[in-house]
Amino acid sequence: MKNSLRVDRAIINITQAELAELIGVSRQTINTIESNKYVPSTVLALKIARVFKKPVEEIFMLDDND
């Protein structure tokens, strides 16, 4: 799975720490999601999507290996 989280954060000008605080996780969790080392739970993906006011599918995309 890949994601556009880093780009989406830049567009609204928030840091990893600020996003983490908004959704109730650590900054390290955001970093690992952005680095594609961790796939978020459905609840976490929905919280992230809510912050960016986008559907989950616009932030998280399946790649050919999924």
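The values are calculated or read from the model by the stated rules, or taken from the named source; none is laboratory data. Note that the structure is predicted; figures quoted are calculated from it, not measured. When we count neighbours, we look across all protein chains shown, and the Cβ atoms used for this are built from the backbone with ideal geometry, even at glycine. SASA here: full protein model, heavy atoms, side chains in, ligands and nucleic acids out. Shrake-Rupley method; radii C 1.70, N 1.55, O 1.52, S 1.80 Å.
Data overview
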{"item": "Cross-chain or 6+ apart pairs with Cβ under 9 Å, the range 23-49 first and under 17 Å from L62 (Cβ atoms) and free of Cβ contacts under 8 Å to residues at least 12 places away in the same chain, then among the hydroxyl-bearing types (S, T, Y) and open to solvent by less than 60 Å² (accessible area, probe 1.4 Å)", "result": "Y38/T29; Y38/T32"}
{"item": "Selection within the range 9-66 - in a loop (DSSP other than H, G, I, E, B), surrounded by 10 or more Cβ atoms within 10 Å (Cβ to Cβ) and among the aliphatic types (A, V, I, L, M)", "result": "I14, V25, V39"}
